[in-house]
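The values are calculated or read from the model by the stated rules, or taken from the named source; none is laboratory data. Source: prediction; values computed, not measured. Here the Cβ positions follow ideal geometry from the backbone for every residue, glycine too, while neighbour counts run over all protein chains shown. Surface areas here come from the heavy atoms of the whole protein model, side chains and all, with no ligands, DNA or RNA. Shrake-Rupley method; radii C 1.70, N 1.55, O 1.52, S 1.80 Å.
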Amino acid sequence: MWRELAPIGRHAAGGGYRRYAWSPADVDCRAWFQWQAEARGLAYEVDRNGNQWAWLGDPGAGDAVVTGSHLDSVPDGGAFDGPLGVVSSFAALDELRARGAAPTRPVAVVNFADEEGARFGLACVGSRLAAGQLTAAQAHELRDADGVSLPQAMERGGQDPESIGPDPERLARIGAFVELHIEQGRALADPGSIPRTAAGAGPARAADRAGGHPVGVASAIWPHGRWRFDFRGEANHAGTTRIADRRDPMLAYAATVLAARDHAARAGALATFGKVGVEPGGVNAIASLVRGWLDSRAPDEATLAAVVAGIERAAGERAELDGVELRVTRESFTPVVEFTHGLRDRLAALLGRDGVPAPVLPTGAGHDAGILSASVPTAMLFVRNPTGVSHSPAEFAAEDDCLAGVTALADVLEGLACR
């Protein structure tokens, strides 16, 4: 499976992946998913929001155990973020069958559409639509950098966009959702680095005792969001406009990037300006507009609010100094997600060894499991990442650890669906 999926959407120059939602590469990934489902005799379907499902057992029976992740990528992303969860889910079903395990509940593998948000600027579109956290009207307004709307892209990708919207009946049939993912950090490789936050104090100690475990269980997802900063100045000639006469928005933007790093570091949070647009974009022209997108995350919502407020204040002060107009727009926000404690603790015990539960750790990354947690009991498994790198071609997990993840997921599915 890994060899078949690996070439799809890979960018030759940098080695990373460009599997943007509903692009040709993403459509090829979706065809791969359908083929994997049908090759196993699973019931294949696509829901109203473009999410793909492969069912073992009756989809309408209810109380289903669902696993899976996503296949789209960030720009020049790594091979593991998303696909590892989908490949491992199919492999875990194969393992269940090899064991002769007989599920007493329906089991499904899912590929959620547009998890990364790389094309339309909003993460977890497929799961947000299903959970009613994104309305059809809001989805219709989403556009990519070329002005293509989400409905247009879906239609070009072979999906009817007219029916998108909340899918409560489908979610009501799910008894548990477990998402396997590569760890986006080095806590499993270095257990002593697991933060002792309020959400993870006890589990972190368990992780220390378990040192070096290849698979861990998620405790919580930090609250996070995206904010757009628009700095509007005055376009002018770079070679003839005196420094004193300039209204250069690039200066305010640059100062804001530095302020973001400072506020996040002092608060134990994260803040990143990873995307910027400049108009008119000439080498010999002072910009009229600099638009930057802030991604910020923190252990709790109060800290996140304080960090973003501090960044906004710094941006406003510098913009005023430079004669620049500033507008800040919150484009998305996801509150803190505490995964279902009973399910989390059950999986940690199930995957433990020598009487010690598997490591339990928080994460700053958003996932479809976090979106679904408001509607469905959810949990996550993390596979060790020795480099700690993610959203990059350097993202990596050793084959033995990936196989350990498959075994762990099969154990979970057997424990939840076969007993």
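Miscellaneous remarks
- Across the chain, C-alpha contacts under 8 Å between residues 6 or more apart give a mean separation that, scaled by the residue count, equals a relative contact order of 22 percent.
- Options 1, 55, 66, ranked by Cα towards positive dipole end of segment 1-92, top entry (Cβ charges): 1
- In this simple spin-label approximation, residue 228 and residue 309 carry label points 7 Å from Cα along the Cα→Cβ vector, and these lie 2.5 nm apart.
- Rounded to 0.05, the FRET efficiency of the residue 350 and residue 11 pair, given R0 = 41 Å and the Cβ-Cβ distance, is 0.60.
- Residue separation of residue 99 and residue 418 scaled by 0.36 nm, minus their Cα-Cα distance, works out to 113.7 nm of gained length.
- With contacts taken as Cα pairs under 8 Å at a separation of at least 6 residues, segment 271-419 carries a relative contact order of 14 percent.
- Shown in residue order for segment 290-298 are the 3J(HN,Hα) couplings computed by the Karplus curve 6.51 cos²θ - 1.76 cosθ + 1.60 at θ = phi - 60°: 10, 10, x, 10, 9, 10, 9, 9, 7 Hz (x for Gly and Pro).
- Segment 320-390 - accessible surface per residue (Å², probe 1.4 Å): 43 Å²
- Relative contact order of segment 257-299, defined on C-alpha pairs under 8 angstrom at six or more residues apart (%): 40 percent
- Estimated distance in nm for a label pair at residue 163 and residue 403, the labels positioned 7 Å out from Cα along Cα-to-Cβ: 4.2 nm
- Fraction of accessible area attributable to carbon and sulfur, segment 290-364 (%, probe 1.4 Å): 49 percent
- Per residue, the accessible area of segment 51-136 comes to 24 Å², computed with a 1.4 Å probe over protein heavy atoms only.
- Computed Kirkwood radius, in angstrom, where 1/r is averaged over Cα pairs of segment 1-113: 14.5 Å
- Charge tally for residue 252 (other residues, Cβ to Cβ under 15 Å; Lys, Arg +1; Asp, Glu -1): -1.
- Contour excess over end-to-end distance, with Cα ends at residue 156 and residue 28 and 0.36 nm allotted per residue: 44.8 nm
- Extension gain from residue 146 to residue 325, taking 0.36 nm per residue of separation minus the Cα-Cα distance: 61.9 nm
- R0 of 56 Å, Cβ-Cβ distance residue 374-residue 240: FRET efficiency to nearest 0.05: 0.50
- Applied to segment 61-68, the Karplus parametrisation 6.51 cos²θ - 1.76 cosθ + 1.60 on θ = phi - 60° returns per-residue 3J(HN,Hα) values of 6, x, 6, 6, 9, 10, 9, x Hz, with x for Gly and Pro.
- Shape analysis of the chain based on the Cα gyration tensor places the equivalent ellipsoid semi-axes at 39, 25, 19 Å, largest first.
- Distance-filtered residues of segment 353-379 - backbone nitrogen under 12 Å, label point 7 angstrom along residue 340 Cα→Cβ: 372-379
- Residues whose placed amide H lies under 5 Å from that of residue 331, excluding near-sequence neighbours: 226, 227, 228
- Remark: spin-label model distance residue 279-residue 137 equals 2.6 nm, labels positioned 7 Å along the Cα→Cβ axis.
- ³J(HN,Hα) computed for each position of segment 382-397 - Karplus, 6.51 cos²θ - 1.76 cosθ + 1.60, integer Hz, glycine/proline x: 10, 9, 3, 10, x, 8, x, 7, 8, 6, 7, x, 7, 4, 7, 9
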